[in-house]
Every structure is written in C-alpha cells, then in structure tokens.
Amino acid sequence: MPELSCTGSDRDGGSPQRSSQDTLAGAGRVLGNLALAYLRQRQLDAATATLHEAIDLLEASRGGAGLTVVSRDADDTTAAVEETARTADAVGEVDEEPSARDGDTPPGGPILPVPESPDELTSPESLIADDGSAGGPGVSLTVARDRDRDRVPTSRRRWINRITIDLAGQTIRYEWSDGTPGGASSISSGRGRPCTANGPCANQNNRNCTPTWTFHPAFLGGPGYTNSEGDAMAWYVDLGTGRGIGIHDSQPVLGRPASHGCVRVPMSIARTINQNVIRRTEVVISGKAATAPWRNRTCPAPPHHR
C-alpha cells in the first residue's frame with residue numbers, strides 16, 4: 001500500500017522545532033493512509049480532501065527547507081482517485097452496502113388503518129387547547145369519537161393536512177390543519193435499479209424510483225412494521241401506490257437518493273407523521289431526483305477502462 005512519507009535529515013537534533021515538524025509529518029502520513037482507505041471504499045470526495053490535507057501537513061512540517069516530501073506516492077494516489085472517478089462516471093459506482101428493500105416490495109405487517117377523522121387521533125401533538133393553541137402532553141380533552149357524525153373535520157384536534165416532498169432537494173416538510181408550520185428534514189428517496197446505462201430514474205415511475213403525484217395515506221405500520229421480506233420500516237405510512245412505497249424510518253437518511261422507492265425520514269419525523277395523518281391528508285411528491293447509474297454485484301462485469 002503506498003504511503004505518504006518524508007525522507008532527508010534535520011540538523012536541529014531534538015529541538016522543539018524538530019519535535020513539531022515530526023508531529024506534523026506523522027499526522028500527514030496518517031492522513032495519507034486514510035485517503036487510501038477512503039479510496040478503497042470509493043468515497044472519492046473524502047479521499048481527495050484527505051489527500052490534500054495530508055500534503056499540506058507534510059509540506060508545512062518541512063517549511064520548504066532541508067527535507068522534501070516524497071510526492072511519487074501522493075501522485076499515484078491522486079491518479080488512482082481520478083481514475084476511479086472516471087470509471088464511476090463511465091459505468092456507475094459499485095455499491096456493496098447492504099440495503100433494505102424498502103419499495104417495490106409487498107407490504108408486511110402488522111397493518112393499521114388510517115383514521116378517517118381527526119377525532120380518532122390520540123397523539124398529544126394533535127390536541128388543541130381551549131384557547132386555540134396547539135396542545136401537547138399536558139393538555140387533556142374529552143374527544144367525541146362518532147365517525148359518522150361529520151365527514152368534514154370539526155373537532156378540537158388538529159391533524160397533518162399536507163406533506164410536501166421535494167425529490168430534487170431531497171426534503172420533506174409538513175403543515176398542520178390549524179395553519180401551524182410543522183417539521184422539516186432531509187430525506188432519501190428512491191435510487192432506481194442498478195446496472196442501467198443512463199439515469200435509473202429518468203422517469204420517476206420507474207422501478208425503485210419514488211413516484212410523483214398527490215397521494216393519500218392508505219394504511220399505517222407502527223414502530224415494529226416490516227415489509228414482506230422482513231425489512232424494518234418503522235412508523236410506515238403507505239401511499240397507496242400498490243408498490244409498497246411509503247414514508248418510514250429505520251434506514252439511513254443521507255440527503256440523497258438511496259432507497260428502493262420509499263421516502264426515508266428521521267425517526268421523529270416518521271413517528272409524528274404516522275400518528276397525525278388522516279385519510280384527507282395530502283402527500284404531494286414532486287421534482288426530479290438526482291439519480292445516477294450505479295452497480296452492484298448482480299451487474300455484468302464492465303469492460304476494461306484505461
């Protein structure tokens with residue numbers, strides 16, 4: 001494994017200056033090896049940034065005199081980073097990370113019904129105090145539960161009436177029925193299928209891509225919900241696509257496409273949405289996700305790239 005290193009001599013013996021220079025040089029060599037580790041993991045941006053930091057430290061440790069940074073290994077590492085980047089651009093980066101099949105997979109269970117009316121909600125966030133302010137854990141109200149009383153919500157409970165998902169920006173936000181702004185966060189939407197020559201989600205309705213439309217919750221899953229393959233999808237809100245696509249927690253939220261079609265969100269957002277939507281809630285998904293060709297072990301071996 002190539003390593004960034006320094007050679008030469010220093011006439012200052014054990015001086016404080018020598019000690020400081022050795023410390024910087026040692027840190028530079030460690031960062032050089034870390035850059036190689038990032039490269040093997042195909043984390044190209046991290047590899048390049050770490051390599052530059054290593055070179056800066058090594059150069060600073062010598063002050064331009066006496067010792068010289070051996071740049072051959074650094075040049076080899078930089079070339080390897082550039083070659084890997086070219087290969088990734090040409091054939092798609094190989095993804096060997098395990099990923100849950102959250103999307104385009106039949107639902108599992110246990111399945112819970114979506115409330116028809118806010119009167120059926122039980123979460124503290126849905127309560128409205130007598131003064132009209134949003135409630136919380138300390139608010140206690142007696143709530144009528146006659147589902148056939150009035151299909152137009154008129155109760156003392158608020159609900160999440162609109163969820164907006166921007167695939168281009170990889171964000172989600174929601175708003176309450178009383179006009180109160182809700183939470184917002186980054187998401188990870190569908191990444192699309194591997195082994196494609198072009199963008200796998202050129203059409204957002206492609207397999208393993210997150211579709212665009214205005215949806216309504218179809219059914220819910222609690223904190224222990226899994227799909228038919230046993231993959232965890234906590235606080236699941238199915239969007240009624242027939243493809244097993246919904247909003248949920250349990251998988252990494254990276255701020256970029258990474259799922260099999262679902263919208264991955266942080267646990268706090270997933271739980272709040274799950275516990276405060278009703279049938280009338282609108283889930284508006286729009287935009288174009290920035291997906292790129294990618295590869296896994298199921299793809300045919302690519303041709304040799306020089």
- Show the residues, 5+ positions off or on another chain, whose built amide H is closer than 5 Å to the amide H of Ala218. Asp238, Leu239, Gly240
- Ranking Met233, Met267 by Cβ neighbours within 10 Å, fewest first, what do you get? Met267, Met233
- Query: What length, rounded to one decimal in nm, is gained on full extension from Thr164 through to Thr214, with 0.36 nm per residue of separation minus their alpha-carbon distance?
  - Reply: 17.1 nm
- Message: If I model a spin label at Arg256 and Arg279 as a point 7 Å from the Cα along the Cα→Cβ vector, what separation in nanometres do I get?
- Response: 4.2 nm
- Note on the structure: Percent of all Cα-Cα pairs per 5 Å bin for region 183-306, counting from 0 up to the last occupied bin, reads 2, 11, 20, 23, 19, 12, 6, 3, 2, 1, 0, 0
- Arranged by the count of other C-beta atoms within 10 angstrom, fewest first, what order do Ile111, Ile278 take? Ile111, Ile278
- Item | Order of Val114, Val263 under a 10 Å beta carbon neighbour criterion, fewest first | Val114, Val263
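Every number in this text was worked out from the coordinates using simple rules, so none of it is lab data. If you're wondering where the values come from, they're calculated on a predicted model, not measured in any experiment. Because the Cβ atoms are built from the backbone with ideal geometry, glycine has one as well, and the counts that use them run over all protein chains shown.
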